[in-house]
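The values are calculated or read from the model by the stated rules, or taken from the named source; none is laboratory data. Not measured: the values here are computed from a predicted model. Heads up, the Cβs are rebuilt from the backbone with ideal geometry, glycines too, and the neighbour counts pull from every protein chain shown. Just so you know, the surface numbers come from the protein's heavy atoms only, side chains and all, with ligands and any DNA or RNA stripped out. Shrake-Rupley method; radii C 1.70, N 1.55, O 1.52, S 1.80 Å.
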There are 4 protein chains.
Amino acid sequence: MERVDLNCDMGESFGAWSLGADEAVLPWVTSANVACGFHGGDPAVMRRTVRSALARGVAVGAHPGLQDLAGFGRRAMGISPDETYELVLYQVGALAGFAHAAGVRLSHVKPHGALYNMAARNASLADAIATAVRDFDPGLTLFGLAGSELVAAGERAGLLTAAEVFADRNYEADGSLVPRNRPDALLADAGAVVPRVVRMVREGRVASVSGADLAVRADTVCVHGDGPRVAEIARALRTGLEAEGITVAAPGARAHAG
Amino acid sequence: MERVDLNCDMGESFGAWSLGADEAVLPWVTSANVACGFHGGDPAVMRRTVRSALARGVAVGAHPGLQDLAGFGRRAMGISPDETYELVLYQVGALAGFAHAAGVRLSHVKPHGALYNMAARNASLADAIATAVRDFDPGLTLFGLAGSELVAAGERAGLLTAAEVFADRNYEADGSLVPRNRPDALLADAGAVVPRVVRMVREGRVASVSGADLAVRADTVCVHGDGPRVAEIARALRTGLEAEGITVAAPGARAHAG
Amino acid sequence: MERVDLNCDMGESFGAWSLGADEAVLPWVTSANVACGFHGGDPAVMRRTVRSALARGVAVGAHPGLQDLAGFGRRAMGISPDETYELVLYQVGALAGFAHAAGVRLSHVKPHGALYNMAARNASLADAIATAVRDFDPGLTLFGLAGSELVAAGERAGLLTAAEVFADRNYEADGSLVPRNRPDALLADAGAVVPRVVRMVREGRVASVSGADLAVRADTVCVHGDGPRVAEIARALRTGLEAEGITVAAPGARAHAG
Amino acid sequence: MERVDLNCDMGESFGAWSLGADEAVLPWVTSANVACGFHGGDPAVMRRTVRSALARGVAVGAHPGLQDLAGFGRRAMGISPDETYELVLYQVGALAGFAHAAGVRLSHVKPHGALYNMAARNASLADAIATAVRDFDPGLTLFGLAGSELVAAGERAGLLTAAEVFADRNYEADGSLVPRNRPDALLADAGAVVPRVVRMVREGRVASVSGADLAVRADTVCVHGDGPRVAEIARALRTGLEAEGITVAAPGARAHAG
């Protein structure tokens, strides 16, 4: 049976500042990556977001980031593996407190922003993240860029992993994403998003910007939480994938059903 | 059997800055209140402090504070009960992550500084704290000033509570502490500390500054973590209490043994 | 000649988070109170906001707040007069750097949120603020609630002061604002805003909720920066006041012209 | 006439946490680099440190760092030139407020930690720093590693610059410092510190770890503020240099005298 997860970063508001369209996206996705206070999110937002996801039956995961509120966790930082382990464990624990109080278990962890990108390429940082996740709860699924060091580290740590693909981003021939500052970073044709994801799930292949096909493992599709049309894209993906007979469900559900 | 706990605030270093004499105090106390990052402490300090306490057989508790690093959590803030609930749950969860990874359960929660003082007098804030603690884990013991609203709130929430007394502070006739800015805030005679605590434990009474005796419930004695002679005082209390035949042990141990 | 200033809090975005409608409001106001990074604002926002105000010919002032980003500076804190002096001087200096680099001098200082409210009632904190402003630049105008301790402190410090009134808030008979949590905090009739301000400027009087008239000094009118219709209200006030023949200009301009 | 400056990082305490031996070092140095709140320091510490330096006749400069309190500004961050400009201008302005209130002008700016190291190698970041300093006050002296991009950027911006050398660190043959994690990072022989600095000042040469001599411009010597023996080293340098007939004075004094 073909299946895939739709995940979205959420709970990235902070104090007086709102961000994202969480309530509009929640009906269409199956995994919510909830910010944990270091790059965005605060205790009130975390409590509210966990409850909203739970009410919609969406799996709740932690979305830990670098301790850089001013830069929204998007600026690379020279942190050590020990510091990486510690900031992940702190944030996962903090979110788990809210999940536990709401009567739900965390299902997954997906690092945010620069931490995600650093861990995609750096095996030491990736191992630190995977170890923190496993030390907290070996039943958690670790989300990482498909083909990255983070997915490999999760497997080394004995965790379930979910290889993440991006619906609207172009890929280089080596499987990395075209950087955001290039004009071809995003798909030119919005109508191509759904068939592209269907092919990634069904055939495990996607066309790179070089024209050549690329093998890709697509366990979960990222729906960007801070774009203006995020709810529309999430809806198109959910309905388009299901119309193709692809089951849309959180990886944890798969693992438990497996 | 007479028994009492000796607790000390710990893990209040932050980044490049050191504070306290944790390693020197740990041999003598039975409960460690570990800072959780809002008023002091950081993920690296939390990890290290949990491990040190565990290695010494000292019970590990959370010491959540107001989000005021610059003021070390000592300045009162006008926070709502909801905000109080959320900041306690966040911090307890974060510390529990480190405890869980180290293979130990949290035993208690003691609010820090201004949060402790606000909760001693304000029943709404006290209830918010007690509810957060119970929602996280109803097996946790809540520490609060003896005779305060916080202890009452813990009992309303169905939690085990530990009434805290201060070894070297003077009391008003109403059971409150003489404010730190008064010349008689501290006991004049250091030699009086141990017999005073022995009497609090054994008779449930202590002399107030008015001269009149005060009834006091002494489940746990606070050893100040940031004073210069803290290790010396902790040692004197531990050996002095045990020489009197009083068992010195964490409240959780009592509860489990009860 | 009758004249009044229209001021608006600005530059309260932070990092990835946007707040306010600064560009839409700037054409109508005469003083911009620019957040300085403690309750909102960051160095990039400060630089941009100073330039925007300068481009519109709007007077640039500092809007220092409590160091409480999570609470947007709206929660009272138990800070000392020394701490108050220091946080004001720090923030005014920081903003002055951007003003200086842009070739403009700061014209005024208006404390934000809880700091504004605390200084309205507490003479020691008000004196600390006024002293910091004077020590930085005795040519700055200090904005404070009309009739408050802050205006009195500014006068004691030898500063020019601007007594602030609120266009859409109701007043108690004693001159304080009806608290926001009361149903009658805001004027019921939006159409009453302009004639009400005209009367405050022209007659120095406003009707309180008790029905009785209140004497009020109206040097500057606050236009709320984070409401949805802020640009519309700013425009109505500017055009309405000018249609009545009232000059709308920053206090500094008055002082220089005086 | 031979002359050189002795500078020391200062004011790096924060809130309840103390760091450094400022009062013990001040009698021996001629320039104080005062932390500005992003990596260390807070408004109270800044005020106090400016006053102490002024009382000792020591030149006051700004020591801006990355916004990373938890990492003490020592972890590299992927910031843009615009962000660099803004964080320097913000911090220099903030410190200038305290200097101005104390009746003294800032004399110099020396970036801290990772910002210093990034600017030593990256011309874009170095230009951003130099431009911020010049936009604030073209009379400020910019301190940077001798031979680095930061000194070159200061010269491009038309600033006075001070090339900094390190008394107790070993140099590579290319003029960079031996990294701290290498066993030969520090001079093995403490007694060699003074003659080594004398030679750097007098001959403009220093032996690298390869054995080969290196040309070096030594306008100012860094005395590490957080080492245990910092006051002792500062004293040895001051008295040793003066015994050799070398004038020890802040660069600003030289510039004014020139």
Would you please name the residue that is farthest from B:TYR85 (Cα to Cα), looking only at residues in the range B:156-193 that are of a type in the set (Lys, Arg) and open to solvent by 40 Å² or more (accessible area, probe 1.4 Å)? B:ARG182
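Do you know which residues across the range B:181-214 are more than 22 Å from B:GLU242 (Cβ to Cβ) and of a type in the set (Asp, Glu)?
In the first step, residues of the range B:181-214 are kept if they are more than 22 Å from B:GLU242 (Cβ to Cβ); the result is B:181-186, B:188, B:207-214.
Within the range B:181-214, B:ASP184, B:ASP213 qualify.
Which residues, counting only those in the range A:55-68, are open to solvent by 30 Å² or more (accessible area, probe 1.4 Å) and under 19 Å from the mean Cα position of the chain (by Cα)?
A:ARG56, A:GLY57, A:GLN67
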Is it true that some residue in the range D:73-88 is crowded, with 24+ Cβ neighbours inside 10 Å, more than 21 Å from C:ALA16 (Cα to Cα), without any contact (Cβ under 8 Å) to a residue 60 or more places away in the chain and not small (Gly, Ala, Ser)? no
Given the conditions (1) in contact with a strand residue (DSSP E or B) (Cβ under 8 Å, 6 or more places away or on another chain); (2) surrounded by fewer than 23 Cβ atoms within 10 Å (Cβ to Cβ), report the number of the one that A:SER124 does not fulfil. (1)
Checking C:ASP42 against (1) without any contact (Cβ under 8 Å) to a residue 40 or more places away in the chain; (2) away from chain D (no Cβ under 12 Å), which single condition isn't satisfied? (2)
Please state which of the following conditions A:SER52 fails to meet, knowing it meets all the rest: (1) touching a helix residue (DSSP H, G or I) at 6+ places or on another chain (Cβ under 7 Å); (2) of a type in the set (Ser, Thr, Tyr); (3) surrounded by fewer than 21 Cβ atoms within 10 Å (Cβ to Cβ); (4) within 14 Å of chain B (Cβ to nearest Cβ). (4)
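Per-residue answers, yes or no, for (1) modelled with pLDDT of 95 or more; (2) in contact with a strand residue (DSSP E or B) (Cβ under 8 Å, 6 or more places away or on another chain):
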residue: A:SER18; (1), (2): no, yes
residue: A:PRO27; (1), (2): yes, no
residue: A:GLY41; (1), (2): yes, yes
residue: A:ARG47; (1), (2): yes, no
residue: A:ALA53; (1), (2): yes, yes
residue: A:VAL60; (1), (2): yes, yes
residue: A:PRO64; (1), (2): yes, yes
residue: A:GLY71; (1), (2): yes, yes
Residue among A:ARG196, A:ARG235, A:ARG217, A:ARG202 that is open to solvent by 30 Å² or more (accessible area, probe 1.4 Å) and within 27 Å of A:PHE72 (Cβ to Cβ): A:ARG235
Quickly run through the range A:15-37 and pick out the residues that are aromatic (Phe, Trp, Tyr) and either away from chain C (no Cβ under 14 Å) or touching a helix residue (DSSP H, G or I) at 6+ places or on another chain (Cβ under 6 Å) (or both). A:TRP28
Flagged in the range D:131-155 as open to solvent by 30 Å² or more (accessible area, probe 1.4 Å), of a type outside the set (Asp, Glu) and under 18 Å from D:LEU89 (Cα atoms), in numbering order, are D:THR131, D:ARG134, D:PHE136, D:PRO138, D:GLY139
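Could we say that C:ARG238 is under 21 Å from C:ARG56 (Cβ atoms) and out of contact with any Asp or Glu (no Cβ under 6 Å at 6 or more places or on another chain) here?
Numbers: under 21 Å from C:ARG56 (Cβ atoms): yes; out of contact with any Asp or Glu (no Cβ under 6 Å at 6 or more places or on another chain): yes.
For C:ARG238, the condition - under 21 Å from C:ARG56 (Cβ atoms) and out of contact with any Asp or Glu (no Cβ under 6 Å at 6 or more places or on another chain) - is met.
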Tell me which residues, restricted to the range B:8-41, are open to solvent by less than 20 Å² (accessible area, probe 1.4 Å) and of a type in the set (A, V, I, L, M). B:MET10, B:VAL25, B:LEU26, B:VAL29, B:ALA32, B:VAL34, B:ALA35
Counting only residues that are in contact (Cβ under 8 Å) with a residue 60 or more places away in the chain, give me the strands (runs of 3 or more DSSP E) lying completely in the range A:122-222 with at least 2 of them. A:141-145, A:160-166
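Please determine, by comparing only the residues of the range B:69-84 that are more than 17 Å from B:SER13 (Cβ to Cβ) and within 19 Å of the chain's Cα centre (by Cα), which one is farthest from the other protein chains (Cβ to nearest Cβ). Give the steps one after another, and end with the answer.
Let us first name the residues in the range B:69-84 that are more than 17 Å from B:SER13 (Cβ to Cβ), namely B:75-84.
From what's left, within 19 Å of the chain's Cα centre (by Cα): B:75-76, B:84.
On the way: B:ARG75: 4, B:ALA76: 4, B:THR84: 10 Å.
By that ranking, first place goes to B:THR84.
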Is it the case that some residue within the range C:89-109 is under 15 Å from the mean Cα position of the chain (by Cα), open to solvent by 10 Å² or more (accessible area, probe 1.4 Å) and within 13 Å of chain D (Cβ to nearest Cβ)? yes
Given the conditions (1) of a type in the set (Val, Ile, Thr); (2) at pLDDT 95 or above; (3) over 23 Å from D:LEU241 (Cα atoms), every one holds for D:VAL178 apart from (2)
